[in-house]
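Following: one structure in structure tokens, then a few remarks.
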Amino acid sequence: MPLVTTTEMFRKAYEGGYAIGAFNVNNMEIIQGITEAAKEENAPLILQVSAGARKYAKHVYLMKLVEAAIEDTGLPIALHLDHGDSFELCRDCIDGGFSSVMIDGSKYSFEENIALTKQVVDYAHAKGIVVEGELGKLAGIEDAVNVSDADAQFTNPAEVEEFVARTGVDSLAIAIGTSHGAYKFKPGQKPQLRFDILEEVQRRLPNFPIVLHGASSVMPEYVEIVNKFGGQMPNAIGVPEDMLRKAATMAVCKINIDSDLRLAMTASIRQHMAEHPDHFDPRQYLKPARENIKAVVKHKLVNVLGCAGKA
């Protein structure tokens, strides 16, 4: 089975009231943990690569790892560029075999965002590749994305119809209160998502797939382990999973998850090295790290996204 686009995935997700997990990948163990979980839960899957991950692992290595995952699992898998920041990067990923790309023009003016996004859409659609755009600015830090709280902006629902019509994008990432990284909310601040914005976007764009970035829950059990073995993350607060589940029953068809995977992997490695300081074989600490990744993904597929059994 070759890579698939997200078009059919999103149609089924919208109609079925669930979301597809879009999990960021950087290396073999992360890909294995994610895809093994999805296979056991018979879930459709989006593996996504940031510009930083592509630079770290190299395009050709990531492509071959994803090809191996498809052969191993037989699952419908889309390979997506996360936060592409230029036409050139999107073009290279399209030409290099990705089945989906995101062009993030949210840092530009509305007109500049439209122009850049349409340029990518025109190129991608000519080759049968789907495109995700973004309106609004999420706060937080993740790889090359760095937006301060002061610069963050909720998506303006009044702009979404014009943006989609003029660009031709296939899905739209919006800002309703999620943020990148582990520190999504300040200590003492009640986590809250702007479902009123999501509802208005859904009203204006019926049956159109919406995407949530920065949606890791920063699972406290892994934060506790990281802190126990030398970490400094006492104020890490993520998005409550019940809010994500609610969003998945609405217009949200794709939910991005990265920080939870990083935390699970790091927690496992920190604990293993603390308990086995004499171990130096990477397989000894990467195997349990891979199992942690798998456990997190299974939990998300079943309890948050609702896409288990939907492959």
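The values are calculated or read from the model by the stated rules, or taken from the named source; none is laboratory data. No experiment lies behind these values; they were computed from the predicted model shown. Cβ sites come from the backbone with ideal geometry, for glycine too, and all protein chains shown count toward neighbours. The area values use the complete protein model at the heavy-atom level, side chains included, leaving out ligands, DNA and RNA. Shrake-Rupley method; radii C 1.70, N 1.55, O 1.52, S 1.80 Å.
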Open item on the list: Quick check on Cys253: is it buried (at least 23 other Cβ atoms within 10 Å of the Cβ), assigned to a loop (DSSP other than H, G, I, E, B) and touching a residue at least 12 places away in the same chain (Cβ under 8 Å)?
Closed with: no
TODO: Can you tell me which residue within region 273-311, out of those that are among the β-branched types (Val, Ile, Thr) and surrounded by 19 or more Cβ atoms within 10 Å (Cβ to Cβ), is nearest to the chain's Cα centre (by Cα)?
DONE: Val297
Open item on the list: Given the criteria under 30 Å from Cys307 (Cα atoms) and open to solvent by less than 10 Å² (accessible area, probe 1.4 Å), does Ile269 qualify?
Closed with: no
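Conditions tested, residue by residue: (1) more than 20 Å from the chain's Cα centre (by Cα); (2) over 30 Å from Gly309 (Cα atoms); (3) at pLDDT below 95.
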| position | (1), (2), (3) |
| --- | --- |
| Glu67 | no, no, no |
| Thr73 | yes, no, no |
| Ala150 | yes, yes, yes |
| Gly168 | yes, yes, no |
TODO: Kindly check whether there is at least one residue in region 225-235 that is at pLDDT below 95 and buried (at least 24 other Cβ atoms within 10 Å of the Cβ).
DONE: no
Task: Qualifying positions in region 93-122 - under 20 Å from Leu65 (Cβ atoms) and either open to solvent by 10 Å² or more (accessible area, probe 1.4 Å) or over 16 Å from the mean Cα position of the chain (by Cα) (or both) - done: Cys93, Ile94, Asp95, Gly96, Gly97
- [ ] Among the residues of region 89-140, write down those that are more than 29 Å from Ser259 (Cβ to Cβ), of a type in the set (A, V, I, L, M) and touching a Lys or Arg at 6+ places or on another chain (Cβ under 8 Å).
- [x] Ile114
Open item on the list: If Ile269 meets every condition in (1) touching a Phe, Trp or Tyr at 6+ places or on another chain (Cβ under 6 Å); (2) under 18 Å from Phe23 (Cα atoms) apart from one, which number is that one?
Closed with: (2)
- [ ] Have a look at Val211, Val218 and point out the one that is at pLDDT 90 or above and either under 19 Å from Met102 (Cα atoms) or outside any helix (DSSP H, G or I) (or both).
- [x] Val211
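Residue-wise test of (1) buried (at least 16 other Cβ atoms within 10 Å of the Cβ); (2) assigned to a helix (DSSP H, G or I); (3) in contact (Cβ under 8 Å) with a residue 60 or more places away in the chain.
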{"residue": "Glu40", "(1), (2), (3)": "no, yes, yes"}
{"residue": "Leu47", "(1), (2), (3)": "yes, no, no"}
{"residue": "Leu81", "(1), (2), (3)": "yes, no, no"}
{"residue": "Arg91", "(1), (2), (3)": "yes, yes, no"}
